Structures are given as C-alpha cells and as structure tokens.
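Notes follow once the structure below has been shown.
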Amino acid sequence: MTISFFMSKWMAQHEWMICPREDLSSGWITCDPDPVFLPAEYPLPTVLVRSLSQLDGFVPQWLPRETVTMLPIQLHAVILAAFASIIAPFGGFFASGFKRAFKIKDFGDSIPGHGGLTDRMDCQCVMALFSYMYYHNFVNSGKDAVSNLLSAFMSLDQGEQFALFTELKKHMHGTGLCN
C-alpha cells in the first residue's frame, strides 16, 4: 500500500501515463490533466491536529499541521491497493468453497497440477469487479453525465421528449436560469 502511494505520484508526473490516447498515431501526447492528477489540499482529522499540537516539541517542523497536499490519485491508489491485499484473496476462498460444494478438484486441466485458468484468475475476477465499480462510482462519477442524459433523452419517443422539455423549461423559468 505504501508503494502505491509513492508510485502513483511518480506516474502522475509523466504525461504519457495520464493523457488518454485519442488515436493510434505515434508521437508525443499532451493534454490538460484530469483533476485527479492535480494537487489538492485535504484537511487533517481534528483528532490528529489536536494530537500534533500537544506534541509540538517532538514533531518535526516539516510535518503538516492542519492540511496535507497530495494528488487525489494517491488516495485512490491506496484504496485499490488495500482492497487488493485484504479483500481480493477471498475470491480464492470463494472459488475453493464453490469447488468443494460441487466436489470438483480443479476447474480445468489446462495448467497441469494447477487447475484451469479460473483457478489462477479467481482473485483477479474479484479485483476487476471492484476496480470497475470503484472507478465508475468514485473516480469518474459525473463526468459523463451530460452525454448519458442526452443518450437517454434520444431513446425516448417524441411525446416523452416533449413532456420532458416542457418540464425542464418550467423548472428553468422557475429558478431564473431562463427568461
């Protein structure tokens, strides 16, 4: 988990790690970094602030007192690393219990002495599911909201589209966004 904290900061310093590739052309890529790769200031918990103030003579001056500045990706990396090291191995336990319930020794014999591909990938399946859910709910939340709303709007029939339009128009006039 400690390595994930420092590696994510090091990787975020390189544009080729944080800029999405738009096409298959070769050459240097540049972009405006996503906010997850920009430094942000986080307040320390009040309990920690009080403890640090009471230990003022013993705490080094370089240690932050009330806030800490870091990249949001560092927090995400630590959370993913914690899940990978603590929870993901339970995928193996689940698969083992599943095999015992059905009296199966291995899920296959593609790797002699090790079982099938599923026997090697059970933890990765749990990690992949968690990574997908975590990314879409905490890292990328709300970024695609407008395109998702427009896509949903286009799937409505004309009567429903008109009803939604009139409700939005009433709401925008009521809030003063439209005259």
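Other residues within the sphere of radius under 12 Å centred on the Cβ of residue 50, judged by their own Cβ, net out at -1 (K and R +1, D and E -1). Assuming charge only on the beta carbon of Lys and Arg (+1) and of Asp and Glu (-1), the dipole of segment 1-73 about its Cα centre is about 360 debye to the nearest 20.
For segment 1-50, give the percent of accessible area contributed by carbon and sulfur heavy atoms, probe 1.4 Å, rounded to a whole number. Can you show the working numbers first?
Working: 2690 of 4110 Å².
Answer for segment 1-50 is 65 percent, counting heavy atoms of protein chains only.
Each label point was placed 7 Å from the Cα along the Cα-to-Cβ direction; for residue 170 and residue 1 their separation is 5.1 nm. Once you sort the root eigenvalues of the Cα gyration tensor of segment 1-100 as a ≥ b ≥ c, which label holds: rounded (a/c under 1.5), prolate (a/b larger than b/c) or oblate (the other case)? Oblate shape, in that a/c is at least 1.5 and b/c is the bigger or equal ratio. Per the Debye formula on identical point scatterers at the alpha carbon atoms of the chain, with no solvent, log10 I(q)/I(0) at q = 0.18 Å⁻¹ is -1.18. Could you tell me the distance between the Cα centroids of segment 121-179 and segment 58-84, to the nearest Å? The two parts, judged by their Cα centres, are 32 Å apart.
Along the axis of the charge dipole computed for the chain (Cβ charges of +1 for Lys and Arg, -1 for Asp and Glu, origin at the Cα centre), the listed residues 97, 131, 52 are led at the positive end by 97. Stretching the chain fully between residue 15 and residue 52 yields a gain of 9.7 nm (0.36 nm per residue, less the alpha carbon separation). Looking at segment 1-45, the GluC sites (Glu not before Pro) that sit in a DSSP loop and have at most 10 other Cβ atoms within 10 Å of their own Cβ are 22.
The values are calculated or read from the model by the stated rules, or taken from the named source; none is laboratory data. Keep in mind it's a predicted model, so treat the numbers as computed, not measured. Cβ sites come from the backbone with ideal geometry, for glycine too, and all protein chains shown count toward neighbours. Accessible surface areas use protein heavy atoms only, side chains included; no ligands, DNA or RNA. Shrake-Rupley method; radii C 1.70, N 1.55, O 1.52, S 1.80 Å.
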